[in-house]
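Since every read-out is calculated from the coordinates, none of them should be taken as a lab result. Keep in mind that what you see is a predicted model, and the values were worked out from it rather than measured. FYI the Cβ positions are ideal-geometry reconstructions off the backbone, even for glycines, and counts take in every protein chain you see.
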Amino acid sequence: MGFFNLDSWLAQSPSSPPSTEAERTDEIRHREAMICTRDHGVDNELSELLAERGYECSSHRNPRAVRFAANRTPPDLVVIDWRVGEPNAVKLASTLNSNPDSHVTSILALVPSEESDALGKILELGFNDFVMLPLDRAVLAARLGMIESRMRELDQMQALQKDIGQEYQRFLIASGGIGDGIWDLDLATETVHLSDRWKEMLGYQKDEIEDVLEGWLSRVHPEDLTRLRAIIDASIAGEVSVIEQRYRMQMQNGDYRWMLTRAEVVKNEDGKAIRIVGRQTDVDEEDESREAVRTSGLQDSLTRLPNRTVLMDRMHHAFARAQRDSEQSFAVLFFDLDRFKNVNDSLGHITGDKLLRAIAKRVEKACRPGDTVARFGGDEFVILVEDIKDIRAATVAAERIQEEFRVPFDLDGIEVFTTISIGIALWNSNYKRPEDLLRDSDTAMYRAKAMGRNSFAVFDDDMHSHVVAILHLENDLRRALAREEFRVFYQPILSVASGRIAGFEALVRWQHPERGLLLPGEFIMVAEEMGAIIQLDRWVADQACKQLRIWHQKFRAHSKATMSVNLSTTQLMRPDVVAGIDLILRNSGLYGQSLKLEVTESVLMENAQYASAVLEQLRSLNIAISIDDFGTGYSSLAYLRRFEIDTLKIDYSFISRMLEDEDSFEIVKTIIIMAKNLGKDTVAEGVETRSQLDALIDLDIDMIQGFFVAPALPAEVAESVLERTADSPNHLEKILSDRMDGTASFPATNS
Ligand code: C2E
Ligand code: MG
Ligand code: MG
């Protein structure tokens, strides 16, 4: 809930700038906006425009981060780039729409023009409006104008309704639907307000029906009257909190028409029902869609499970009970399908829908009769398990549900295996709102997925700290980029044949103001997820190229040394990657042949065609390509023939085990032999001991990199190594003799 009808407000709200005094002062009030896009250009332009309009903006790359942050403090506006991925955008919109407070968040979608087919769907999904990409500032400003005038209306409405329950405001907001009549029953005075539209639906003028309950009930078909009265009485007594009822109403001309009423009971702070607010829809014309209308209120139309409204109602109920009597605890199980997108993509949406229906049936069967199984949206389901003593009951339920997924689903002859990951949150007295259990079970679900799919996880405080830590990390990273807190360290790579320094690998470090020097393992993944990796990788490449150029000029003996730079998958897939690298080379004055880019094999295998085109272009700049961590992915060596690759870097895991584990040894051996056949160089990563080195030399390895030679070194230390080896370039020999007499070749400076 919490959504107003786009058409109606498009029709009524002027897009012209605010003019009255009230509106202008309102402009000063700070609104908060969150932007979720991975496109720097779009982000910058939007942030600027929104800042001009007085928004306090935060930018996010990761929809989950927005989702999490918005769950805590809902912003006034969220702008989501549709390119963050449909499932991400949908989940984000549904979270924002289910915000439990009266606060309404407007959601604007940025849609690339080639995806304009999705527009209808986007609006159905609860986005308020869209703007096409590439951005047109004038259009954007006009759309924001409309959204803001709606915000102002809401503000005014909220000010007026301050003393009434929050649900009421939400309801009014939600019921901005055109065509529906609104009624509002005040339980203290027993007067009912019937909107003009309500009367008009029956063919009456404004003042032709009096605002009393009788004015309504006297026109209900006698056969339907008892039912309607009963439900109204039950809600007055506080026994139900949502109403959905169909009945016939007599029109002014005497005919009867079918109406559908949907209403909510508004309670005051003490939980006492104070009014009932509802909307009446004429369903007579909609013979065919009547079923859909009937079920849309409280049932999910696809699975027939209770929908989110019912779920929330029951959760509130369970929450209140548990607060009264802690023996009556409850748990929330949140799950979605592992890789549902694959099912949809490969078998089509119709089959996907069938699967969701079949799952709904199985899960219901696996639950106890008192539990509520609800569809939360998309492939997300929530189970409310009530009357439990401890977490055992919830984990048993989770196991039972997962058990149901062992057998494949038969979807008209197609057998589909699927698994689910479940997150569990158990009530405790620290919870302030039922919605918080939803949030926590959602977080736990992500943990379950991370543990390997097809499992469940129970929410705990550590998880909370983890999510918060990631959010902090994202913020820190963004700041660190601006403040240049990153450093590049250089790890030497030695040629075995000549013993010379063949080059360096540039490895990033983060000089964190509080946490000290951080290794990439602590931040690269997050940087990758939030998109900051693009900027970071370019910065590293730029620094490393400039550095090598300086060394080339200083040490003629090392003029052949190369620089290896890691390139993230995101970077490689960017259309401007080649131009970006070219620019970096030109800025530094370094020749292409001095640069090696390290990419992982998975990116080549998953995007073979595209990647091979990019590599070809890079090769035309004379840049060499290495495959990093080779052997850990799925690629076959023969397949690699397709790519323009110069070097294979054999992964550390094989090198470290090669002397103890025969399989690892065989893998290393095979890679070297086949690489030679294909005319590619080999580098052994992570060489730590003399015996590993000897074994690798026996296998005819070309180059080595690892702590045995040196860890990654700060630029000054790396430079001193170059200086020392300028005259006697066989560095390997030097290391071996130093090791014999116990002197260290390098200060230990990795980390
Ligand atoms: P990588 O590219 O495979 O880099 C080699 C890693 O192995 C480095 O870890 C290095 O310090 C470590 N290492 C080197 N010799 C030894 C050894 O003898 N024993 C052991 N145990 N480890 C050794 P580091 O610096 O922590 O980097 C980890 C990964 O982070 C890198 O793996 C690379 O994938 C990524 N990374 C580092 N810098 C960047 C960067 O600028 N951009 C991107 N996209 N990724 C980077
Ligand atoms: Mg590397
Ligand atoms: Mg590696």
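For n ≥ 4 DSSP H runs only, could you compute -39500 (n - 2.57) per run for the chain, divide by its residues and tell me the 222 nm figure to the nearest 500?
After summing the helix terms and dividing by the residues of the chain, the value is -13500 deg cm²/dmol.
Taking 7 Å along the Cα-to-C-beta vector as the label spot, tell me the HIS466-ARG368 distance in nanometres, rounded to one decimal.
2.9
Helix 63-72 sits at what angle to the longest principal axis of the chain, using alpha carbons and giving 0 to 90 degrees rounded to 10?
For helix 63-72, the angle is close to 50 degrees.
How large is the translational diffusion coefficient of the stretch 561-661 in µm² per second when you combine the Kirkwood radius over alpha carbon pairs with Stokes-Einstein at 37 °C and 0.692 mPa s?
Roughly 231 µm²/s, to the nearest whole number.
To make sure I understand, if each residue's beta carbon is the centre and we count other beta carbons within 10 Å, what order do SER421, SER602 fall in, fewest to most?
SER602, SER421
Mind scanning LYS389/LYS449; LYS272/LYS432; LYS669/LYS734 and naming the pairs with a C-alpha gap bigger than 23 Å?
Values: LYS389/LYS449 27 Å; LYS272/LYS432 19 Å; LYS669/LYS734 27 Å.
Check vs 23 Å cut-off fails for LYS389/LYS449; LYS669/LYS734.
As I understand it, the value is the acute angle between the Cα axis of helix 715-724 and the longest principal axis of the Cα atoms of the chain; what does it come to in degrees, rounded to 10?
Helix 715-724 and the main axis of the chain meet at about 10 degrees.
What is the fewest-to-most order of HIS464, HIS349, HIS316 by other Cβ atoms lying within 10 Å of their Cβ? All intermediate terms of the calculation are to be shown ahead of the outcome.
Numbers: HIS464 14, HIS349 10, HIS316 17.
Ascending Cβ contact count within 10 Å gives the list HIS349, HIS464, HIS316.
Give me the lysines in straight-line cross-link reach of LYS365: C-alpha distance below 18 Å, same-chain residues under 8 apart excluded.
Result set, ordered by chain and number: LYS354.
State the extension gain, in nm to one decimal, for the chain segment bounded by LYS341 and ARG483, taking 0.36 nm per residue of separation less the distance between their alpha-carbons.
This chain segment gains 47.2 nm when fully extended.
Just going by the charge dipole of the chain, with Lys and Arg at +1 and Asp and Glu at -1 on Cβ, which of VAL131, LEU305, ILE231 is farthest out on the positive end?
My answer, from the dipole projection, is VAL131.
By what distance, in whole Å, do the Cα atoms of the chain stretch along each of the three principal axes, largest value first?
Each principal axis gives a Cα extent; for the chain these are 106, 60, 47 Å.
Mind checking which lysines have their Cα closer than 25 Å to the Cα of LYS546? Skip sequence neighbours fewer than 8 apart in that chain.
LYS554, LYS560, LYS596, LYS649
Once you put a point 7 Å from the Cα of VAL396 and another 7 Å from the Cα of GLN252, both along the Cβ direction, what distance in nm separates them?
A separation of 6.3 nm, rounded to one decimal place.
Which of the GluC sites (Glu not before Pro) across the stretch 456-524 are loop residues per DSSP, with 10 or fewer other Cβ within 10 Å?
Here the GluC sites (Glu not before Pro) that fit, given the DSSP loop and packing criteria, are GLU484, GLU514.
Arrange the following residues from fewest to most other Cβ atoms within 10 Å of their Cβ: TYR490, TYR204, TYR247.
TYR204, TYR247, TYR490
Which angle from 0 to 90°, rounded to the nearest 10, does the C-alpha axis of helix 222-236 make with the longest principal axis of the chain?
For 222-236 against the chain, the angle is about 60 degrees.
So how strong a dipole does the chain carry about its Cα centre when Lys and Arg Cβ are +1 and Asp and Glu Cβ are -1, to the nearest 20 debye?
Working: 86 positive and 123 negative charges, 251 e Å.
With only Lys, Arg, Asp and Glu charged at Cβ, the dipole is about 1200 debye.
So if I take the centroid of the Cα atoms in the stretch 448-490 and the same for the stretch 32-67, what is the distance between those two points in Å?
A separation of 20 Å, based on Cα centres.
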